[in-house]
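The values are calculated or read from the model by the stated rules, or taken from the named source; none is laboratory data. From a predicted model like this one, the values you see are computed outputs, not experimental measurements. Note that we place each Cβ from the backbone using ideal geometry, even for glycine, and neighbour counts take in every protein chain shown. Side chains are part of the model used for accessible areas, which takes the heavy atoms of the whole protein and leaves out ligands, DNA and RNA. Shrake-Rupley method; radii C 1.70, N 1.55, O 1.52, S 1.80 Å.
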Amino acid sequence: MSKFTKRGVVLPLMKEPACSRPIVDIPVPAQVVVPLVAGDGTACRPAAGSYETVLRGEPLGLLEGSETPAVYAPVTGVLSDLREMTHPLLGDISCAVLDGMAGKEEKTEKAEKRDLSALTAEEILAAARAAGIVDELDGSLLADKLESWLDTDPYLLGADGTEQEPYSSSAWAVLGEAADEVSEGLGLAARAAGAIDCHIAIRQKGKQRKELAKRAPGRLICTVHGKYPAVPEPRSAVLPVRTVGVQACRALYRACAYGEPQCDCVVTVAGDAVANPQNVRVPTGTLVEDLLRFCGLSSNPSYIILGDAMTGVAITQTDIAIIPGIACVLALTVRPQPKTRTCVGCGRCVRACHADLLPFEIMRRMDNMQYERLSSLLPEECDGCGACSYVCPAGLDVTAKVLEARDAHGTIFLKWGDGDDF
Ligand code: SF4
Ligand code: SF4
């Protein structure tokens, strides 16, 4: 199934038919369960009382100890409950349950567009922060991410529309719907983060690329070649590239131009158990089960995955809230995976690793509790791309072990010392 040469892997493309269809809006769900957590993970308290009606876009969560809104109502509804949830990406969190009131959205005057050319970096960052924009690429708060890049060495900023994993096409769908807004948002992000230049990176070439260039005039569109995970950079790039999500760029444009908070996200729903694979715009807090019901199931899924096939996490419950860091949900009847055996030392994981790591050796040292001998293997360089697990003929989840080593780096090394003799 996979081929590899130097680094990375060639993945099958399973994007049809979702990628050829326009974005569909899910009807307002009967209930949304909105995490009361700011984009940087800070816990919030409810901004409304029990059974109060909250309008779409109004504050729903305030930062603890202040009156600063950080979570916004994704639909107009009644705050009917507060609920605890163990979320696969956020951990144990409190959520506000809003009973959706379909058709009750207040008709407000369309806000006048602000002059974006006059906005300073500080104003753009403030707008991103006020809108609570989360970057779908990594689930981080966009304002924090952009601010951390200010005053660093020169770099290029890319809106990553490459969609390199097998099923996802939400970035393509958003570019198809609003390339102009993505392009303007990217320009604002580059200004706010002090990037030298910016570009939109895609996988497509030919007619699709030309079409996109027409709809985002003046913006460099670059086609990214190479194996997964390819760097979303122009061929001629001499500077390092940093990336933001296409959806985050669009949300930044809407926040700066109209003062809109981020209330929804576009999610690819796909997999062989889905009757109607498509890209769906859902309010934040929509439950996975409602999203799957909307798209229909053609058979009973054995696996439901939050995220795509390479980096997603399998879930066993479907009452999980969709948040902006989730751009794909898969329902699969089978998950192609060899029966788990012990490592055969084939070295495929090494050849697949674009970060030049020795994944099998990191895994071996983790398994043997040789924590003091991990540091020279640089597990912190792993970005969790999943390529090592994908190519492993023994069916081992090598990625999980490397990520465990990476994320426990501080505690493991402190506990065991750093006297590496590898
Ligand atoms: S998940 Fe980490 S170790 Fe595995 S191939 Fe990707 S970067 Fe390398
Ligand atoms: S972990 Fe898997 S891919 Fe890596 S050497 Fe062992 S068997 Fe081969």
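Residues in the range 348-402 that are within 8 Å of ligand 1 (Cβ to nearest atom) and of a type in the set (Gly, Ala, Ser): 352, 355, 384, 386, 387, 389. Pairing residues of the range 166-180 that are more than 18 Å from residue 14 (Cβ to Cβ) with residues that are in a helix (DSSP H, G or I) and among the polar types (S, T, N, Q), at Cβ distances under 7 Å and at least 6 apart in sequence or on separate chains, gives 174/247. Note on the range 325-358: among residues that are under 24 Å from the mean Cα position of the chain (by Cα) and among the small types (Gly, Ala, Ser), the one that is surrounded by the fewest Cβ atoms within 10 Å (Cβ to Cβ) is 355. Those residues that are over 30 Å from residue 351 (Cβ atoms) and open to solvent by 10 Å² or more (accessible area, probe 1.4 Å), I need them from the range 226-273; list them, please. 247, 250, 251, 253, 254, 258, 259, 260, 261, 262, 264 - these are the residues of the range 226-273 that are over 30 Å from residue 351 (Cβ atoms) and open to solvent by 10 Å² or more (accessible area, probe 1.4 Å). Would a scan of the range 374-382 turn up a residue that is open to solvent by 20 Å² or more (accessible area, probe 1.4 Å), within 16 Å of ligand 2 (Cβ to nearest atom) and not in a loop (DSSP other than H, G, I, E, B)? No: the range 374-382 contains no residue that is open to solvent by 20 Å² or more (accessible area, probe 1.4 Å), within 16 Å of ligand 2 (Cβ to nearest atom) and not in a loop (DSSP other than H, G, I, E, B).
Checking the stated criteria, residue 146 turns out not to satisfy the condition of being under 24 Å from the mean Cα position of the chain (by Cα), among the hydrophobic types (A, V, I, L, M, F, W, C) and surrounded by fewer than 17 Cβ atoms within 10 Å (Cβ to Cβ). Which pairs do you get when a residue that is over 30 Å from residue 388 (Cβ atoms), found in the range 9-26, comes within reach of a residue that is surrounded by 14 or more Cβ atoms within 10 Å (Cβ to Cβ) and among the basic types (Lys, Arg), reach meaning Cβ atoms under 9 angstrom, with the pair 6+ apart or on two chains? That search, which allows pairs on different chains as well, returns 23/281; 24/281; 25/281; 26/281. Per the conditions (1) assigned by TED's automatic domain parsing to the domain that holds residue 174; (2) within 14 Å of the chain's Cα centre (by Cα); (3) over 21 Å from residue 35 (Cβ atoms), the sole criterion not satisfied by residue 253 is (2). Evaluation of residue 312 against the conditions (1) within 16 Å of ligand 2 (Cβ to nearest atom); (2) under 24 Å from the mean Cα position of the chain (by Cα); (3) open to solvent by less than 40 Å² (accessible area, probe 1.4 Å) shows that the sole unmet condition is (1). For residues in the range 342-363 being farther than 15 Å from residue 385 by Cα and of a type in the set (A, V, I, L, M), which is farthest from ligand 2 (Cβ to nearest atom)? This residue is 362. When the helices (runs of 4 or more DSSP H) confined to the range 383-422 are screened for residues that are within 16 Å of ligand 2 (Cβ to nearest atom) and at pLDDT 95 or above, those reaching at least 1 such residues are found at 387-391, 398-407.
Scan the range 371-387 and report the pairs whose first residue is in contact (Cβ under 8 Å) with a residue 60 or more places away in the chain and whose second residue is more than 16 Å from ligand 2 (Cβ to nearest atom) and acidic (Asp, Glu), with Cβ atoms within less than 6 Å and a gap of 6+ or a chain change. The qualifying pairs do not exist here. In this structure, residue 114 does not qualify as touching a residue at least 12 places away in the same chain (Cβ under 8 Å), assigned to a helix (DSSP H, G or I), open to solvent by 20 Å² or more (accessible area, probe 1.4 Å) and not hydrophobic (A, V, I, L, M, F, W, C).
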